[in-house]
Amino acid sequence: MMERAVTGVVIDAAHGGEDLGNTGNGIVEKDTSLKISQYMYRRLQELGIPVALVRDSDETISNEERIRRILAPYGGESNVIVISNHVNAGGADGAEIVYALRNNNALANKIAQELELAGQNVTKVYQRRLPSDTSKDYYFIHRDTGSTQPVLIEYGYVDSNQDDKEQLKNNYDRYAEAVVKAIATYIGKSYVPELDENSYVVKSGDSLWSIANRYGITVDQLKSANGLTSNLLQVGQVLTIPKQSTEPPSESNNIYTVKVGDSLWSIANQYGTTVSILKQLNGLSSDSLSIGQKLYLPIQDDGEDSVDATYIVKSGDSLYTIAMKFNTTVNDLMALNHLKTSLLSIGQVLKIPDGSMGSIYIVKSGDSLWSIANRYGTTVASIKQKNELTSDNLSIGQILYI
Ligand SMILES: [Zn+2]
């Protein structure tokens with residue numbers, strides 16, 4: 001791994017106090033910027049990376065004072081990283097990353113890559129020049145910060161024409177974590193997602209259920225280990241993960257132990273899911289399995305309404321993006337699934353309401369066009385026509401419009 005000696009990282013929560021920054025749709029730039037910055041500060045400290053925060057409260061800061069605070073902790077040499085956190089306005093969508101004319105794009109590209117992995121699309125990684133003197137940077141955060149490596153990040157648009165509004169409200173800590181990971185990787189520090197193997201820091205979108213599932217324990221075990229009397233969690237809360245009993249996790253608890261002769265395909269088939277869902281749920285980058293390996297299976301709601309179309313939540317999803325995908329609304333999704341908050345967990349199974357455009361059916365193991373047509377009182381020909389199918393072959397997880 002490439003090592004870059006870095007004296008420290010300065011986190012700039014842009015704007016503040018009387019300077020709101022961009023606002024709209026319930027998002028105020030100075031507040032989102034502060035939340036992202038405080039998250040990064042805490043996590044970089046946890047990782048043992050020297051870090052300073054330009055402001056830790058809602059405070060008005062002049063440009064001159066901001067520069068002074070950026071340069072004070074570690075000086076202005078090239079081994080200081082400066083991260084300036086912003087949100088954009090202008091009706092477009094996606095993140096933009098601006099680096100200084102004096103730097104190469106290595107850190108900016110690493111940040112872009114991690115943001116994409118965290119579910120935010122990045123539209124631009126670039127340098128911006130002052131129109132009146134194109135030898136200079138456009139932003140003072142690049143221009144007036146000595147030889148440091150400043151990176152200005154616009155995490156998304158407050159007035160996005162796509163999904164940024166929901167992403168900025170719900171996923172800001174996921175994006176902050178992505179930048180933390182990018183910095184750690186860039187300077188060659190080992191990146192650890194959590195404090196240690198027995199601790200877990202609650203993130204946006206987590207539930208007791210999703211955390212218990214991830215560690216192969218029960219919600220009750222998790223609650224009793226932490227003395228919790230309610231199911232409410234707070235982002236940033238640190239949970240103790242109880243040691244598993246000597247018994248291996250039971251296979252009924254949505255965990256499958258790989259046996260001789262298994263493949264991802266055979267397991268997916270057996271449990272009515274897909275290879276790509278299994279890989280996503282278990283963070284697998286290849287198809288190879290080892291005997292005895294534990295795999296998480298998607299949780300099936302094997303209750304009352306098994307005929308309803310369902311959708312398995314994936315990384316980067318929000319209620320809003322799912323609603324758009326299925327031509328429904330966030331409110332309808334919340335009502336149908338009895339959701340009290342908009343927080344989702346990866347692997348969570350959502351019921352999808354029948355839309356005005358007709359029903360949606362997700363193909364399960366054992367289905368055929370004939371059996372599906374029969375179930376919905378329609379014909380094979382009609383389903384093929386509506387879905388523009390040229391053959392009778394179906395794949396598990398395929399979405400059919402009925
Ligand atoms: Zn800004």
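The values are calculated or read from the model by the stated rules, or taken from the named source; none is laboratory data. Everything numeric here is computed off the predicted structure, so don't read it as measured data. Methodologically, a virtual Cβ is constructed for each residue, glycine included, from the backbone with ideal geometry; neighbour enumeration extends over all protein chains shown.
Things to note:
- Test: Tyr41 is under 23 Å from the mean Cα position of the chain (by Cα) and outside the structural domain of Tyr200 (by TED's automatic domain parsing): yes
- In the range 370-397, residue farthest from Lys325 (Cα to Cα) [restricted to those that are surrounded by 14 or more Cβ atoms within 10 Å (Cβ to Cβ) and either among the hydroxyl-bearing types (Ser, Thr, Tyr) or assigned by TED's automatic domain parsing to the domain that holds Lys279 (or both)]: Thr378
- Summed over the range 193-252, residues that are at pLDDT below 80, in contact with a Ser or Thr (Cβ under 7 Å, 6 or more places away or on another chain) and small (Gly, Ala, Ser) total 1.
- Test result for Tyr126, closer than 23 Å to Ile11 by Cβ, at pLDDT 95 or above and surrounded by fewer than 20 Cβ atoms within 10 Å (Cβ to Cβ): yes
- Taking the criterion of being assigned to a loop (DSSP other than H, G, I, E, B) and more than 15 Å from the ligand (Cβ to nearest atom), the residues of the range 63-91 that qualify are Ala72, Pro73, Tyr74, Gly75, Gly76, Glu77, Ser78, Asn79, Gly91.
- The set of residues in the range 92-111 being outside any loop (DSSP other than H, G, I, E, B) and either within 16 Å of the ligand (Cβ to nearest atom) or surrounded by 18 or more Cβ atoms within 10 Å (Cβ to Cβ) (or both) consists of Ala95, Glu96, Ile97, Val98, Tyr99, Leu107, Ala108, Lys110, Ile111.
- Screening the candidates Gln38, Gln45 for the property of being more than 16 Å from the ligand (Cβ to nearest atom) and within 22 Å of Lys165 (Cα to Cα) yields one hit, Gln38.
- Asp367 meets all of the listed conditions (1) crowded, with 17+ Cβ neighbours inside 10 Å; (2) in a helix (DSSP H, G or I); (3) over 25 Å from the mean Cα position of the chain (by Cα) but one, namely (2).
Here's the yes/no breakdown for (1) part of a helix (DSSP H, G or I); (2) buried (at least 16 other Cβ atoms within 10 Å of the Cβ); (3) touching a Leu at 6+ places or on another chain (Cβ under 9 Å); (4) among the small types (Gly, Ala, Ser):
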{"site": "Glu166", "(1), (2), (3), (4)": "yes, yes, yes, no"}
{"site": "Asp173", "(1), (2), (3), (4)": "yes, yes, no, no"}
{"site": "Ala176", "(1), (2), (3), (4)": "yes, yes, no, yes"}
{"site": "Ala182", "(1), (2), (3), (4)": "yes, yes, yes, yes"}
{"site": "Lys223", "(1), (2), (3), (4)": "yes, yes, yes, no"}
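- For the range 34-53, the criterion of being of a type outside the set (A, V, I, L, M, F, W, C), part of a strand (DSSP E or B) and more than 24 Å from Asn88 (Cα to Cα) is met by none of the residues.
- Applying the criterion of being hydroxyl-bearing (Ser, Thr, Tyr) and more than 22 Å from the chain's Cα centre (by Cα) to the residues of the range 1-35, the residue that is farthest from the ligand (Cβ to nearest atom) is Thr7.
- The listed residues are Gly16, Gly48, Gly21, and the only one of them that is farther than 15 Å from Leu152 by Cα and modelled with pLDDT of 95 or more turns out to be Gly16.
- Test: residue in the range 135-153 that is in contact (Cβ under 8 Å) with a residue 12 or more places away in the chain, over 22 Å from Gly16 (Cβ atoms), outside any strand (DSSP E or B) and within 16 Å of the ligand (Cβ to nearest atom): no
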